[in-house]
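Presented below is the structure to which this report refers.
The values are calculated or read from the model by the stated rules, or taken from the named source; none is laboratory data. Note that the structure is a prediction, hence the values are computed from the model and not measured. Here the Cβ positions follow ideal geometry from the backbone for every residue, glycine too, while neighbour counts run over all protein chains shown. Heads up: the accessible areas ignore ligands, DNA and RNA and are worked out on the full protein's heavy atoms, side chains in. Shrake-Rupley method; radii C 1.70, N 1.55, O 1.52, S 1.80 Å.
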Amino acid sequence: MSLKAIWANNTPYSKFLISVGIILISAVFFTLLGTFLASIFFGVDAAQLASMMTNLENPSNISVLKMMQTVSAIGTFVVPPFILAWLFHPAPLSFLSIDKKPAGTAVFMIIMMLMFAIPLINHLGELNSYFHLPSALKGVEDWMRSSEEQAAKITQAFLIMTSPSELIFNLFMIALIPAIGEELLFRGIVQNIFSRWLKNNHAAVWLSAILFSAMHMQFYGFIPRLLLGVMLGYLLVWSANIWWPIIAHFVNNAAAVIFAYLFQNNLSSFDPDKIGVGQDQVITVMLSLAFTAILLFLLHKEGRKNRLLSEE
């Protein structure tokens, strides 16, 4: 008996619970696989892996952690969507909206939009950093800030690149895998299920974006990541083509990696993290908002045109 589309007639609620279960199982399995591979290739055990998180200055530790991160990300985000699509629909690629190529015009506009959006994203991140909980929740806020600082340290350690090979691997680990995996999971599966469950695309976009932002466990970047998730969600709604949000996600992450490499190796004096930050950047942020909005409007029209053509 084939398992293909075995749960096609399940309710959206049931599909959501199944999705959570399969994601957790896959994540645990690939985490164990990563630990096994670390012991085979690097000769380290689970206890040593935990201690490596506190010694990020050691390049050998970073190599192990990057390998673990890569394996874990593939298992958590890339593998489950394909399994779930196979179980939920007789045409899995169609279910994921991955069976159509994006038009060159759309790709160009998406790239330009993400470039113009950098100051706006940075500004929102700065505003989010001023977030404070009530004094009664000081313990929670201290934990949130500690988690954020640890995540920032790991990210900074991963972004240290002294050679083109490290740049290429980081583009694979930080840009390509998350772009494909997170979009297939949060837009292709979660948003898809919410849309069918709630019968409302807007609610589906926002709910999946909230989960997308919360999943990163970086509370002081919650708002910009939430709005990025909303934008990615609408790109899928407008186009019915998941390559749109995948490309946007990849460009967003890849730009950060490439700019960091150029800045670190004195190939550019431009620090993208600073643009849009500070009171003297108001005009830059307003221009960023205006150009981003214009390109989103054009993408909305392009997506609608493409959908009408595909329905003819």
Running a GNM on the chain with Cα contacts under 10 Å, which residue among Phe95, Phe77, Phe212 ends up with the highest mean-square fluctuation?
Phe95
As I understand it, the dipole of the stretch 55-147 uses +1 on the Cβ of Lys and Arg and -1 on the Cβ of Asp and Glu, about the Cα centre. Which of Leu93, Ile111, Met68 lies farthest toward its positive end?
Leu93
Within straight-line cross-link reach of Lys15, lysines at Cα separation under 21 Å, skipping those fewer than 8 residues along the same chain
Lys4, Lys199
If I model a spin label at Ser60 and Val140 as a point 7 Å from the Cα along the Cα→Cβ vector, what separation in nanometres do I get?
4.3
Round to the nearest 0.05 the FRET efficiency obtained for Val107 and Leu298 when R0 = 22 Å and r is the Cβ-Cβ distance.
0.95
Taking the full set of protein chains and a 1.4 angstrom probe, give the accessible area of Ser60 in square angstrom, rounded to the nearest 10.
70
What helix-only [θ] at 222 nm does the chain give? Using -39500 (n - 2.57) per DSSP H run of at least 4, over all residues, to the nearest 500, the answer is -23000 deg cm²/dmol
Pairs of alpha-carbon atoms within less than 8 angstrom and 6+ residues apart define the contacts here; what relative contact order does the stretch 107-222 have, in percent?
35
Given a 1.4 angstrom probe, I'd like the percentage of the accessible area of the stretch 77-179 that is carbon and sulfur, rounded to a whole number.
72
Given a 1.4 Å probe and the protein chains all in place, what does the accessible area of Trp243 round to, in Å² to the nearest 10?
80
Expected max-MSF residue from Ala47, Ala254, Ala214 in the GNM of the chain (alpha carbon, under 10 Å) is Ala47
To the nearest 20 debye, the chain has a Cα-centred charge dipole, built from +1 on Lys and Arg Cβ and -1 on Asp and Glu Cβ, of 980
Could you tell me the convex hull volume per residue, in Å³, taken over the Cα atoms of the chain?
167
Listed residues Asn122, Asn252, Asn58; largest mean-square fluctuation, Gaussian network over the chain with Cα springs below 10 Å, found at Asn58
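Leaving out ligands and nucleic acids, and using a 1.4 Å probe, what accessible area per residue does the chain come to in Å²?
Ligands and nucleic acids excluded, the result is 53 Å² per residue.
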Taking every alpha carbon pair in the stretch 1-126 and sorting the distances into 5 angstrom bins from 0 up to the bin holding the longest one, the percent per bin comes out as 2, 9, 12, 12, 10, 13, 15, 15, 9, 2, 0
Share of accessible surface on carbon and sulfur in the stretch 262-302, whole %, 1.4 Å probe and ligands ignored, is 66
For the stretch 134-237, the Debye formula with one identical point scatterer on each Cα and no solvent gives log10 I(q)/I(0) at q = 0.13, 0.18, 0.22 Å⁻¹ as -0.61, -0.94, -1.10
